[in-house]
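The structure appears right after this line, and notes come after that.
The values are calculated or read from the model by the stated rules, or taken from the named source; none is laboratory data. Model, not experiment: these values are computed from the prediction. Every residue, glycine as well, gets a Cβ built from its backbone with ideal geometry; the counts of neighbours run over all protein chains shown.
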Amino acid sequence: MNIKKRIFGVLPSILALVVLSGGCYRYTPPATDFDADVFSSRTKGKQDDILQDVKILNLEKAQEIAIKNNPDYISVYHAVNAARMRYYQALNAYMPEFNASFNMGINGNENYNRHNVATTRNRAFTTQTGLNASWLIFDGFIRTMDVLSARESWTAQRHQEDDTRRILMRSVAYAFNDILLARGQRAIAKADMDFQLKNLEQTQLKLEFGAVPLSDVLNFKILVNNAIGDQLAAEYAYNAAVYSLAVLMGYPDGNLPAHIDFPPINAGTDEHVSTVDVYLDIALNNRPDLKYYREQVKINEYSLYAAYGAYSPVVRANAGVGFDTAAGRSSTAGLGASNSYANSPNWSAGVTVEWLLPLEWRRAARVKEAQATIAQARFNVASTWLNVVEEVRAAYDNYVQNVRLARLYVTTLDLVTKQRELVEEEYNAGNTELTRLNEAQLKYVQAENTMINSLVSVQKAIAQLRAATNTSPIGTRVEQAVSVDKKSEQ
């Protein structure tokens, strides 16, 4: 580590500190009334209109809206600004300190001399005005280590922000695809109900002519009810996924507008992937949580250097100017009174050197504590590194496996569809039993559900792999447009 380069690297920031000092932190508050205790009477804001012009909500649009409005993500953005301000506070240690003082007072006394029976009274009005300056010249580089530590903390907080974005993108993708899955399951259940209703009508006609027993009619009525139950279950799953997505997008109503529609499930099963080693390399270079823990190692190293610095002497320059005044009056009974005035300008300048002799064990213990903390931080890096490798491997295998399964289940559905058509024709012609038709329809519905589950799983696996490698293009630092007043950065 090039310490000199890092030390001199903070000097330009001192100028920025002077420029940025003062003023208020300005930001855009939440765009709706989140302090309302009654939902129906809350005051609506501009966030309630973010989907006004959206007809079909795709995944990319949902993620873009989440980046702009998710309160957890925006909260982390402001945490980055807070860390930046702590860095600027640390820079202040390089500046000289100036103190102005002014004291004003009045005092008096009275003396009685019993020999000559005389009383002397004294009164005085005094002022002390001073301006003192102090500048820390050398402290064993402790303040420099504090500045560098604060700067790394700021960088670490930015990695935390990026990690929050990474997880948010994955959560939005999961919720979005859960909506598509529930909608597909609802459509399958509706189609199953229509199929059973069609056969119910035909079977009731056959019953009137005595061609089938009553049990066949009851069979189709039961299957109609089962299909309706599947629709209700899919409707609940759809609503739950919509509520989850709405919250992730920061939509205050907690539900998406009724006019919002969604695109169909992506049926692509092309396996365009590189080797897992490529994704491992990408992840180990991109993952913000790994970068965060690497920054923690640097922060703790600076703490160790600061602990070493406590052994060095502290050199400080001091200077001061002052102006004192005194106006007094003294009177003695029988002798009259006298007045006095005094003006006393003064100044001082010097250098002080302090060195705490190394005769106690506190500093040595502090050094060992810092060394232990560095060891802890390095093992945190190792643990996170292993977790990243595990996540990438699991995400990679999950994607490859789901692509293969999706291809298989698409083929299976074609076969089951053809089988059901043949069995239905045989049943209508009276050449097969009702149980055979029920079995063929059940396999068809199961194959449809399995297929759409596999297609959605492919899309979720893509989101998982992107999160594991931190390669989602939405909301990166170059493109992100967090809905806060950018003047807060100035």
Is one or more of the residues making up the stretch 168-186 among the hydroxyl-bearing types (S, T, Y) and closer than 30 Å to I65 by Cα?
yes
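Specify the residue that is farthest from V80 (Cα to Cα); the eligible residues are those in the stretch 287-321 that are of a type outside the set (D, E, K, R) and touching a Ser or Thr at 6+ places or on another chain (Cβ under 6 Å).
Going residue by residue through the stretch 287-321, those that are of a type outside the set (D, E, K, R) are 288, 290, 292-293, 296-297, 299-300, 302-315, 317-321.
Now restrict to residues that are touching a Ser or Thr at 6+ places or on another chain (Cβ under 6 Å): 290, 293, 299-300, 302, 318, 320.
Working: L290: 17, Y293: 16, I299: 16, N300: 19, Y302: 20, N318: 36, G320: 39 Å.
So the residue we want is G320.
What are the residues in the stretch 271-305 that are in contact (Cβ under 8 Å) with a residue 40 or more places away in the chain and in a loop (DSSP other than H, G, I, E, B), if any? Don't jump to the end; show me each part of the working.
At the first step, the residues of the stretch 271-305 found to be in contact (Cβ under 8 Å) with a residue 40 or more places away in the chain are 271, 273, 276, 279-280, 282-284, 286-305.
Within the stretch 271-305, E271, V273, R287 meet the criteria.
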Read through the list (1) surrounded by 11 or more Cβ atoms within 10 Å (Cβ to Cβ); (2) of a type in the set (G, A, S); (3) touching a strand residue (DSSP E or B) at 6+ places or on another chain (Cβ under 8 Å), then give the number of the only condition that S338 fails.
(1)
Do you know which residues across the stretch 239-253 are surrounded by fewer than 20 Cβ atoms within 10 Å (Cβ to Cβ) and part of a helix (DSSP H, G or I)?
N239, A240, Y243, S244, V247
Please give the number of the condition V224 fails out of (1) at pLDDT 95 or above; (2) surrounded by fewer than 16 Cβ atoms within 10 Å (Cβ to Cβ).
(2)
Single condition I260 does not satisfy, out of (1) in contact with a Phe, Trp or Tyr (Cβ under 8 Å, 6 or more places away or on another chain); (2) modelled with pLDDT under 95; (3) surrounded by 14 or more Cβ atoms within 10 Å (Cβ to Cβ):
(1)
Scan the stretch 129-172 for residues that are assigned to a strand (DSSP E or B) and of a type outside the set (A, V, I, L, M, F, W, C) and jot them down.
T129, G130, N132, S134
Can you pull out the residues in the stretch 447-477 that are assigned to a loop (DSSP other than H, G, I, E, B) and farther than 17 Å from V172 by Cβ?
R477
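Quick one: would you say I137 is within 24 Å of N99 (Cβ to Cβ) and either among the aliphatic types (A, V, I, L, M) or touching a Leu at 6+ places or on another chain (Cβ under 8 Å) (or both)?
Yes: the conditions hold for I137.
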Please find, within the stretch 441-477, the residue that is farthest from E390 (Cα to Cα) out of those that are among the basic types (K, R) and in contact (Cβ under 8 Å) with a residue 60 or more places away in the chain.
R477
Inspect the stretch 48-70 for any residue being modelled with pLDDT of 70 or more, in a helix (DSSP H, G or I) and of a type in the set (S, T, N, Q) and give the result as yes or no.
yes
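Per-residue answers, yes or no, for (1) in a helix (DSSP H, G or I); (2) outside the structural domain of N470 (by TED's automatic domain parsing); (3) touching a Gly at 6+ places or on another chain (Cβ under 9 Å); (4) modelled with pLDDT under 95:
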| position | (1), (2), (3), (4) |
| --- | --- |
| D324 | no, yes, yes, yes |
| A327 | no, yes, no, yes |
| W347 | no, yes, yes, yes |
| A372 | yes, no, no, no |
| A395 | yes, no, no, no |
So, in the stretch 402-420, of the ones that are touching a residue at least 12 places away in the same chain (Cβ under 8 Å) and of a type in the set (D, E, K, R), which residue ends up farthest from V456 (Cα to Cα)?
R420
